[in-house]
Structure formats: structure tokens, C-alpha cells
Amino acid sequence: MNVSATPSAAPLPEQINAHLLHTVAVDPDRASPSDLMQATAQVARAQLSKRWVATQTLERTHKARRVVYLSMEFLMGRTLSNALDALNLTQGASAGLAQHAQQLEDIADLERDAALGNGGLGRLAACFLDSMATLGLPSFGYGIRYEYGMFAQEIQNGSQVEYPDSWLQDGTPWEFPRADITYPVRFGGWVTHKNDIAIWQHAGEVAAKAYDMVVPGHGTTKVSTLRLWKAVAPAHFDLGAFNTGDYARAASTKNEFENISWVLYPNDSTPAGRELRLKQEYFFVAASMQDLVKRHLNEHPTLHNLAEHVAIHLNDTHPAIGVAELMRILCDEHGFNWDHAWALCGKTFSYTNHTLMPEALETWPVSLIQQVLPRHLEIIFRINKEFLDLAARFRPGDHEFLKRLSLIDETGERRVRMAHLSVVGSQQVNGVSALHSELLVHTIFADFASLWPKRFTNMTNGVTPRRWLAQANPGLARLLDDTLGNQWRTNLDQLKRLEDRLGDHDFANKFMAIKRANKVRLADLIEKTTGITVSPDSLFDVQVKRIHEYKRQLLNVLHVVGRYQAILANPDAPWVPRTVIFAGKAASSYQAAKSIIRLIHDVGLTINNDPRVGDKLKLVFIPNYGVSVAETIMPGADLSEQVSTAGTEASGTGNMKLALNGALTIGTDDGANIEIRQNVGDENIFIFGLKTPEVRDLRVAGYHPLNYYDNNPALRAVLDAIGGGQFSPDEPSRYSALMNSLVWGGDHYMLLADYASYVATQAQVDALYHQPDEWCRRAIRNVAGMGVFSSDRTIAQYANDIWHVTSLGD
Ligand code: 26V
């Protein structure tokens, strides 16, 4: 088809005006900032849709092998600046908006975050999509179009309060509803068997409707697709006929269908309302599988070669039911015999594990799966039986081995272990940092690794340099462009060349001036969101991530209180002024995490208002942490706190974003911190505390936190001050339980064991900050070492070693 005189041929300011008039329907001379945001987005959208069509056509024509990335979470953040950047429209858009007396940054700030994820796992999926598009890999992300994403956090009287995140309330310019792409998803009922054929007599059905988001590649015209499913009443369900006149009941029935995609589940809350979560998992997997099977059958006459044309990746165990679903499709709907179908499955799936924490490993009661997915339960049982037969031949007579391996946990209520289903159903299983992958095969998957050592591998996480450097830190991006050229955006190894500049004063001055400007920007955000004024000349000490006991925000607070007491005891010492900055959400039902947030506020209130302290110490909590807030925080940090108990943080990715923006890390030997150390050099990072084997040995030998309390007077004074109510005089016992959990309750994450080492290392941080030139040198050395942490490197490894997909070329 010949599409002539496309509007995108016109200069950008004209395109914006045209969209104001024709799409937004306002007078360009009277357009509000929000109208301008809509119109600018439409300009980008029009160009992206052209790229989408071209990419799809190319991939169809070549019958390309594709990767399908199944994830319950995609923490996309905002789209406008990223889209303009990818389309090389940033300058034009700035010029267009200037004609309306607006700045692009202010207009971009009006967009709401698409926060369809909890934290690291969801943001990783978003960085991966960016890299898949940029590398030109034929790829599809599949997820859920939650009506409500990650809750919004407000702080009231020092405590977290949650509000629903109705991000779609005013619509989003970035989605492409695909009215014609809809699939039925069935639930419940029972199974009958006739001549070896299983027939699932389902009891309920919903329709899954596709909404696409186009993911632009950078430095290429390729795009990727994020297809999100919304649950709606099935087409044959006629509300009017169903209950003439009884609108209330009709509406509530409609809601019963639609509630499946209503809200994102918090990942670290205790199990509650779980049936809906299981339905969510199956809902998006079933729709995605139908979609990929349909696409395959459009290009090929048979499913027999499916494994040659698609690699399906499970982002954690949430989509693991897909293994049983593909078996059901092949055997029940396409007449495959079991062995043939199983061989195909085993070549198709791969799985990433994102945590070792036992509480976080997903299991489902057999009774619930029986009720919601009876046919899948049969399939899981058969997979398990054949798997255990095989394992029994490997170690005859070892019943404990089989019990540990089984897909069914038989201790107590029988439950399906989704991680085991994922391992058995996948050709490759990976962890997300070298340490984590090593621990996987020695702990939770040790038995599987003894059976299939080659199945396990490592894919160290990465972050996209487009969002986390080019867009978040335009000052540093410009300096890098001037120094290295602009190739670093898609070849982050270029950063290595900064080592040539280590003795260059002019470069160092520019680098520090940029950091300073970013700190001013962050100080403004702090002032705006908390009312607290902080000095950009103080050391900005940053811990931003979900609040969890294992991440040990509390250890950081203990250090702050210790420092406060030391300042009061010795006010004339040459203190390095510090601003300690926290941000992060606590799961709404996670009481200990919420109590830590409140403690941060209570301690902050005391310290920030103590005239004896002044600028020497400030403690702030930036509310509602999310992708956009992070984009302001990362570039403004001097010090990155990565202080999890060794062996607990699978990787971390905030650690990468902070170091990439020139923060020095104070951290434990955990997750990707270890690889950051290896890449920036031991002398350019502050590592403290017990190492993973030491943590294990101490647990085995018997850990006695009381000894640390008894033997370290400074630590004791900190714990007594908090536990005794010094920071909560209106309710002195507010933190007694929290402190008792450390001293008397076993201190599961060993804060007290690491405290002395942490404080001593913080003193080294201070000493270095007294030497600004040396600090700067090490910060630059950090940036120079971060090339390997580009998600482009990670995705290239997945593509080569696991998925075996390649780009089609431009
Ligand atoms: C952890 C925990 C800890 C115990 C209590 C319940 C609970 C629930 C969820 C989680 C984390 C779930 C998976 C996850 O988000 N993992 C994160 O994945 C990131 C990307 O690979 C990685 O950088 C983080 O280290 C890892 O925590």
C-alpha cells in the first residue's frame, strides 16, 4: 500500500500543532501543558506505529525465531522521553514546545508512570525489553494490563499509607488496543477421559483482550512489543439479556470477569486472596500461549517445529503454569503424544530464578489447582511421575532424594512447587548474578543440579544505559558524548576509555560540577516532597529499594543514630556533613517493614530539628519511590548503600544504576556487588561485613546477638536509645519489639554481627570525602568500570546461550 504525504514529513513543531488540533482537539494557541504532553506523545506514537508495522512485516516474512518473555511484571515508568530519544526527536520536540513557552522536561514530568511491577524483577523486565528492541531481537513481552499498578505511597504522621494507582484514569497515549485480538481463557470444571483423550469440561470463561505497547529500540528502527492482556466478559456473554433491568447484578457479574486484571499483587506480602492471583497467572499465560501458537500456525503448517521458532522465557515462576498449558495444547488440542510433546516443551522453555529466600518461593495448594485448573493438575502429576521415575533410576532407593525433588511438597497440605515445575520444564535455568547462580546449585536446586548439571547457568543482570544514564543524567551524558563520542549509548564498554581521563583535572572538574547540579536537583525534590531543606554540599548517602528486613535499611538507621550520638558527644570534630536519603515501599501487610519506615521518620524528626546537629547530619525519606523518582535520585547520589546480609540479595540492580551515575558503593559481598567490585577495583568500593560462607558458619555455630550488644557500648547505646523511646517520646515502646527482635529475637539478618564493620567502613567513607579529588577519581573509575552492567550485555548473553535468537539486521 502506498501511504503518501505522511504528517511525519513536516517539521516537529508543526506536527505537534497538528496533533493539538486534530487529535487532542484544542486550539494550539491555548493548549495546556497536559494538551502539549498528549500532542507530543501522539507525534512519537505515529512514528512508532510505522516502525512497529515494518518490524512485524520483516519478522513475518523471515519467519523469524522469536523470544517470548513471560512476566507478571513490567515496571515501565514513563515513555515520552524514551520514545523521543529513540526516534531522535528530542531536539525537535524541545523546539516545538518552546514555541508554547514550555520545556520538554516539565511536559514529560506530567506523564504518569506505568508501574506494573513491584521492584527489581519488574524493572529488570522493562530494561530487558529496551535491550531486546535495541539489539533488534525478534521479541514479544507478555504481561497483564493491570487497571491498578503498584500502590502510591503517602506518608502521614511518619507512617506509610497506600493509595490505589489508577494510572489509566485519564487514558494513556502509549497503548494500541487490538480490538480483534482476543482469546478465551477457561477455568474450573472437571476432566473426562475418552480413548486416551482428555476433555476439559470447564466451568467458567473470560476473554483476554490485547493491548500493545511499542518498545522502541535505540540506534535502530527496530521495535519490540509488550502485549498486555485485559480480562473482559466473553463475547457471548450478553449483559443486557442476562438480567434485563437488574443493572446492579449485571455490573457485578461483569466485574467478576474483569477483576482478574484489576490489580497488581504485592510480591512480598503474606498469602491472601490467592485464588485470584493463581487465576491471573493462568490468565495471561493461556492468552499468550494461544497468541504465539496462532502466530506460529500463520507462518508454519504444524506445531512440530515450534521449538525451532520460539523460545519462551519464564521470568520467575509466576508463568510456570505455561509448561502444563503447552502440554495441554499439544496433547489435548493438537493430538501430540505425551513423549513428543514433552520433548518439544523441554526445548522451548527457559527460566530465571530471582530469589533464594524460602518464603518467596511460590507454591500452590493442590486443592486450589484442582479447583481452578483441573486438567493442568493432571498434567503436573504426570510430569512429576515421569520425572520421579527418571530420578529414581539415577539414585535407586534414595527416597529422601525423590521427596526433595518432587513437584509436590507432601509435608502438611499438599502443594505444587512452581520452581520445581519450572526447572523440570526448562532447558536452561539461570540465576541473576554469579554468586546467586552459584548458591542456586548448592542450595535450593542442588538435587536438580546433581541430575542435570548443564541445565544451570548464570546471567548477571544489567540496566539500560538509555534510561539510567542518557535520560536520567543529561549532564553526564553530554560530558560522555564530548569525551567518548555517543556510541556508549549502545556500546557501554566504551566507558572503559574514561580511564584515560583519570588524571585530567578539567574532566574531573566538569564531572564534579555535573554531580553537584544533580544534587541540587535532588535537593529540590527532597524539599518539594518532604519540606526538608538539605545542603547539596553534604555527602548524599542513598538507600533506595523496597523495604525489607533482609535488605537491612535498619542497619543504616542504626548507623545514623550512632553518628547522631557521636556528633552530640563530640560536636567539634571535623564531621563530614551527610544527608542520609531513603526511599522505598513496604508491602501493605508487612508490619516490620512499615515499622522501619516509621522509625526513619521518627529519627529524622529528632535529628533534623536538633540545633546542635545542623548540617552535619540530615535524614530524609522521599515518598512514593518508583521509576521516575529513581531517575532523579540515582544521578544525585554520592554513596550507594547495598547492605543486604551476604547471600540474600540475588543481584540488585539499583546498585548498578547508582554506580553508573558516579556513586561509590558501600556494600556487603552480596549479589552483583561482588561483580561491581571486580569491575571497578577493590580500592574503589567499600565492602564490609560477613561473607556468605561466614554467615552460614556463624548460623551453624550458633549466632548470639546479645554478645554484640554486651560487648559494643556504642551499639548498645543506639539500640537502647531507639528501644527506650528516645525517638518516639509520645509512645516510648513503639520500637521495643523491633529492637528486641535484634537483641533477643535471633536477629535473623545479623545486623548486630555486621554493625562494627559497617561503622568502621563508614568512617573510611568520611575520610575519603575529605579528599574531594580522590573521591572524584574513584567515582570516575566506577563509571568507567560499569560497561558490563548494560542490559544489552545481559540480553546478548541470553540470546546467544539460552534463546538462540539473532537480529534480522536493519
Ligand atoms: C523476596 C522476598 C523475601 C522474603 C519475603 C517475601 C519475598 C517476596 C519477594 C521477594 C523477591 C521476589 C523476586 C524478586 O523481585 N527478586 C529480585 O529480582 C531482581 C532482578 O533479578 C534482583 O536484582 C533482586 O536482587 C531480587 O530480589
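Structural remarks
- Short-range pairs are left out: with C-alpha atoms under 8 Å and at least six residues apart, the relative contact order of segment 541-590 is 68 percent.
- Annotation for Val191 and Ser450: the two label points, set 7 Å from Cα along the Cα-Cβ direction, are 3.0 nm apart.
- In percent, rounded to a whole number, the relative contact order of the chain is 13, using alpha-carbon pairs under 8 Å and six or more apart.
- Using θ = phi - 60° and Karplus 6.51 cos²θ - 1.76 cosθ + 1.60, couplings along segment 377-386 (whole Hz; Gly, Pro as x): 5, 4, 5, 4, 4, 5, 4, 4, 4, 5
- Taking 20 Å as the straight-line reach from the Cα of Lys403, the aspartates and glutamates in range (excluding those fewer than 8 positions away in the same chain) are Glu359, Glu362, Glu378, Glu386, Asp389, Glu413, Asp447.
- Segments 351-363, 696-708 sorted - mean Cβ within 10 Å per residue, highest first: 351-363, 696-708
- A simple rule links phi to the HN-Hα coupling: the Karplus curve 6.51 cos²θ - 1.76 cosθ + 1.60 with θ = phi - 60°, which for segment 284-291 gives 7, 5, 5, 5, 5, 5, 4, 5 Hz, with x for Gly and Pro.
- Database remark: amide H of Arg66 closer than 5 angstrom to the amide H of Val310, Ala311 (H placed geometrically; neighbours at sequence offset of 5 or more, or on other chains; Pro and chain starts carry no H).
- Local charge for Val627 was computed over the other residues whose Cβ lies under 10 Å away, with Lys and Arg +1 and Asp and Glu -1, and equals +1.
- The residues of segment 411-465 have, on average, 33 Å² of accessible surface per residue, using a 1.4 Å probe with all protein chains present.
- Cross-link partners for Lys347 among the lysines, with Cα-Cα distance under 25 Å and sequence neighbours closer than 8 places in the same chain left out: Lys63, Lys294, Lys385, Lys454.
- Apportionment of accessible area to carbon and sulfur, the chain, percent (1.4 Å): 52 percent
- The lysines within cross-link reach of Lys254, meaning a Cα-to-Cα straight distance under 20 Å and a gap of 8 or more places when in the same chain, are Lys209, Lys230, Lys279.
- From phi via Karplus (6.51, -1.76, 1.60), per-residue ³J(HN,Hα) for segment 42-50 in Hz, x at Gly/Pro: 5, 4, 5, 4, 4, 6, 5, 5, 5
- A helix-only calculation puts the chain at -14000 deg cm²/dmol for mean residue ellipticity at 222 nm, using -39500 (n - 2.57) for each DSSP H run of at least four residues, averaged over all residues.
- Sorted on the mean count of surrounding Cβ atoms within 10 Å across their residues, most packed first, peptides 107-117, 313-323 read 313-323, 107-117.
- When each of the peptides 197-203, 790-796 is scored by how many other beta carbons lie within 10 Å of its residues on average, the order from highest to lowest is 790-796, 197-203.
- Low-density loop cleavage sites - chymotrypsin sites (Phe, Trp or Tyr not before Pro) in segment 740-808, where at most 13 other Cβ are within 10 Å (DSSP): Trp744
- GluC sites (Glu not before Pro) within segment 375-475, DSSP loop, no more than 10 other Cβ atoms inside 10 Å: Glu410
- Annotation: amide H-H contacts under 5 Å for Ser790 (H modelled 1.01 Å from N, sequence separation of 5 or more, or interchain): Val463.
- Our note on the geometry: Cα centres of segment 568-596 and segment 389-426, 44 Å apart.
- Using a probe of 1.4 angstrom and keeping all protein chains present, the accessible surface of segment 97-191 works out to 37 square angstrom per residue.
- Whole-number D in µm²/s for the chain (Stokes-Einstein; Kirkwood sum over Cα pairs; 4 °C, 1.567 mPa s): 46 µm²/s
- Per residue, segment 574-675 exposes an accessible area of 20 Å² to a 1.4 Å probe, with every protein chain left in place.
- Of the trypsin sites (Lys or Arg not before Pro) in segment 594-636, those whose Cβ has at most 15 other Cβ within 10 Å and which sit in DSSP loop: Arg612
The values are calculated or read from the model by the stated rules, or taken from the named source; none is laboratory data. The structure displayed is predicted, hence computed values, not measured ones. Neighbour counts are summed over all protein chains in view; Cβ atoms, including those assigned to glycine, are modelled from backbone coordinates with ideal geometry. To get the accessible areas, we keep the full protein, side chains included, count just its heavy atoms, and leave off ligands, DNA and RNA. Shrake-Rupley method; radii C 1.70, N 1.55, O 1.52, S 1.80 Å.
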